[in-house]
Structure formats: structure tokens, C-alpha cells
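Since the structure comes first, as C-alpha cells, the remarks are kept for the end.
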Amino acid sequence: MKQHDPCKRCGNCCRGQFIIDLECLDIIREPRLLEQSKPFKGVKGPCGLFEDEDGTIYVAHDGNCHRLDQEPHCPFLTDDGCFIYATRPYACLTFVPGCEKCLEVSDLDLES
């Protein structure tokens, strides 16, 4: 039985409707995000995994540390879809097609 996919493939979720907050782990997984994003005010130092003297590995920034502005559209959006789909940010990965926000923007007539 085929499961219903509510995504209309309109791409409006990638066109200026949302600001994507990036976590340090997003940037570790997809380094190109760093080139296209801006650090949050007050965030200092590079993103990455670091090791304490006792061998404990930790992430440089806990929580969101950068922001990806989608004006006029996500810099990774191409005519063929998401250029970094396999390594897209957690916020994109967990965006639910068919949710209230999705339905609001999918009805908009946005330019590419």
C-alpha cells in the first residue's frame, strides 16, 4: 500500500518564507552551510567537535549558532531541488510536509 505524500514539491518552504536556525552539528555535517550563513549575535569560535583533556568529545555550540537566510530563496535550492538534500539542516529534515506552515506557504504564488 502506497503511503500518501502530502508534499506538493512547490519549493515554497525554501523561498524566503522561513529563516533556518542552524545547529553546530548541521555545519559539521554540511560545511557549505557555514559559507552561506550568519552567526547568531554573541556566538564565538568555530563550529566543530572538540575533545577535552579527559577524552570527552563535545560540540562547540550547544543549540543554534548560525542562521540561514532564505531571501529571496535558500542558496542551496536549484531547479532540480535541494543541492544538499542528503546533508540538509535538521530544521529542514524535520519540516513536515502538509503541516500548517507548509499549507500556508504552498498556497502562495512565489517567484523562483
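Each value in this text was obtained by applying a stated rule to the coordinates, not by laboratory testing. Quick caveat: nothing in here was measured; it's all calculated off a predicted structure. So basically every Cβ, Gly included, is an ideal-geometry build from the backbone, and we count neighbours across all protein chains shown.
Some points to look at:
- Net charge of Cβ neighbours under 12 Å - reference residue 43; Lys, Arg +1; Asp, Glu -1: +1
- In the chain, excluding the sites themselves, the longest stretch lacking any of the chymotrypsin sites (Phe, Trp or Tyr not before Pro) that are in a DSSP loop with at most 14 other Cβ atoms within 10 Å is 41-82.
- Ranking of 104, 53 by count of other Cβ atoms within 10 Å, fewest first: 53, 104
- Taking the chain and dividing mean pair separation by its residue count, relative contact order in percent (alpha carbons under 8 Å, at least six apart): 39 percent
- The loop-placed trypsin sites (Lys or Arg not before Pro) in segment 1-59, going by DSSP, that have at most 14 neighbouring Cβ atoms within 10 Å of their Cβ come out as 2, 8, 9, 41, 44.
- Computed over segment 12-106, the ratio Rg/Rh where both radii use C-alpha atoms and Rh is Kirkwood: 1.03
- Among 23, 30, a tally of other beta-carbon atoms within 10 Å of each Cβ gives an order, fewest to most, of 30, 23.
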